[in-house]
Amino acid sequence: MKKTQITQKKQHKNYTDLKKTLKYNRLILKISGEILGARKEIFELKSIDYIIKQIAAANRLGAKIGVVVGGGNLIRGREAKWLNKVDADICGMMATIINGIIIHSRLYENNIPSKLSSGIEVSGVVKRCNKFEDLKVYESGGVLIFVGGTGNPLFTTDTAAALRAVEFGADVLIKATKVEGVYSTDPEKNRKAKLYRKLKFDQAIAKNLGVMDLAAFNICKESNIPICVYNLMKYPLSKIIKGEDIGTLITNRG
């Protein structure tokens, strides 16, 4: 047997062994825009590069990754009360495109292949999401960066993340936050708020837990795609995809 064939077989075996260590091989990662910035800064390079390292580490483990990014560090449509709601939402969707360009650029500088895919096409910048073209990138190990939300106003990026999770056959939808997981009430306002480690979709919907909107919960419930909510800035993404008991896991079983 030729040396090159032996090397290829070893590489394939190593890749297969890596995949066996993962609980979730296919994931959609939802990142809020706020995580990309700081209290006084729209963008914080330290946070952005930390996130890039997390994505790169998961990518090296063989996970197929799609990233849905929000735009809250620039503008949150629902909070721009002075602007027509539809126009405010469109501004929010455009903000996600700016954030996506930054993530794409930083991944490129770290030699991680990636592709921007948008709910809204911006000529010369990003094409509209095409499942059949994007799926080739996803399956080949490139990181897909989904921006532009669903392409329609009045829908959140949480809903966009749930839709992409279904479209691309994800094993899990991971919502990266700055808190430990899902609480009974806002932990910043109530120190006695209870942290849930496991929840059923029906419980999350009935309790109207504000961590994700009801549309996102229902989409994942119907498609039997678990949702993991965790503190991205504290725990490595690689631990989540290996199945470690971190954050809150929401499933049909609970």
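For Ile103, indicate whether it is closer than 14 Å to Gly142 by Cβ and in a helix (DSSP H, G or I). When the stated conditions are applied, Ile103 passes them. Pull up the range 208-219, narrow it to residues that are within 30 Å of Asp49 (Cβ to Cβ) and out of contact with any Ser or Thr (no Cβ under 6 Å at 6 or more places or on another chain), then point me to the one that is surrounded by the most Cβ atoms within 10 Å (Cβ to Cβ). Selected residue: Met212.
If I ask for residues that are at pLDDT 95 or above, surrounded by fewer than 17 Cβ atoms within 10 Å (Cβ to Cβ) and on the phi > 0 side of the Ramachandran plot, which ones from the range 129-167 would you list? Within the range 129-167, Gly141, Gly151 meet the criteria.
Any chance the range 192-207 includes a residue that's of a type in the set (D, E, K, R), out of contact with any Lys or Arg (no Cβ under 6 Å at 6 or more places or on another chain) and part of a helix (DSSP H, G or I)? Yes: the range 192-207 contains one or more residues that are of a type in the set (D, E, K, R), out of contact with any Lys or Arg (no Cβ under 6 Å at 6 or more places or on another chain) and part of a helix (DSSP H, G or I). Residue check: is Lys242 charged (D, E, K, R) and surrounded by fewer than 17 Cβ atoms within 10 Å (Cβ to Cβ)? Considered against the rule, which asks whether it is charged (D, E, K, R) and surrounded by fewer than 17 Cβ atoms within 10 Å (Cβ to Cβ), Lys242 comes out as yes.
How many residues, within the range 17-57, are of a type in the set (Phe, Trp, Tyr) and crowded, with 18+ Cβ neighbours inside 10 Å? I'd like the intermediate steps shown before the answer.
Residues of the range 17-57 that are of a type in the set (Phe, Trp, Tyr), as a first pass: 24, 43, 50.
With the extra rule that they be crowded, with 18+ Cβ neighbours inside 10 Å, the set shrinks to 24.
The qualifying residues number 1.
On the given criteria, is Asn208 on the phi > 0 side of the Ramachandran plot and not hydrophobic (A, V, I, L, M, F, W, C)? Answer is yes for this residue. For the residues Glu180, Glu188, the requirement of being of a type outside the set (Lys, Arg), in contact (Cβ under 8 Å) with a residue 60 or more places away in the chain and part of a loop (DSSP other than H, G, I, E, B) singles out Glu180.
The values are calculated or read from the model by the stated rules, or taken from the named source; none is laboratory data. Treat the numbers as computed from the prediction; the structure is a model and nothing was measured. Here Cβ is always computed from backbone atoms with ideal geometry, including for glycine, and neighbour counts include all displayed protein chains.
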